[in-house]
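J.: Got a structure for you, written out below as structure tokens; questions coming shortly.
Derivation of every value follows stated rules applied to the coordinates shown; laboratory data play no part. The model shown is predicted, which means the values in this text are computed figures rather than measured ones. FYI the Cβ positions are ideal-geometry reconstructions off the backbone, even for glycines, and counts take in every protein chain you see.
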Amino acid sequence: MAGGLRHGTRLAGAVPRALALGALWSYRRFLSPLIVALFGNACRFQPSCSAYAAEAIREHGALKGIVMAGARLARCHPMGGHGYDPVPKRAPAGHGS
């Protein structure tokens, strides 16, 4: 029974994850090239914020990944950081709170 419950939870999380990744794909395919054409490539971080968001969603799920991506976007300003800023890996089960 617990295995079925775990599978159902994983499946329920797959739908929001797929929707968020689909929205990111659309942004990267259609809107991002227009922004680069109009304003040039001005990414302060590596990987880009959209690549960071996609990896965060894949690694941590839709809700936490979107929150992490929002925090990254909030740091993207002239007084903010720059450089290499990878997505933190998920802590192994049983570690942390």
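J.: Of all residues being loosely packed, with under 13 Cβ neighbours inside 10 Å and either in contact with a helix residue (DSSP H, G or I) (Cβ under 8 Å, 6 or more places away or on another chain) or not aliphatic (A, V, I, L, M) (or both) in the range 32-54, which is nearest to Arg75 (Cα to Cα)? Just the residue, please.
T.: Gln46
J.: Go through (1) within 18 Å of the chain's Cα centre (by Cα); (2) in a helix (DSSP H, G or I); (3) over 23 Å from Ala93 (Cβ atoms); (4) among the hydrophobic types (A, V, I, L, M, F, W, C) one by one and return the number of the condition Ile35 breaks.
T.: Tallying (1) within 18 Å of the chain's Cα centre (by Cα); (2) in a helix (DSSP H, G or I); (3) over 23 Å from Ala93 (Cβ atoms); (4) among the hydrophobic types (A, V, I, L, M, F, W, C), Ile35 fails exactly one: (1).
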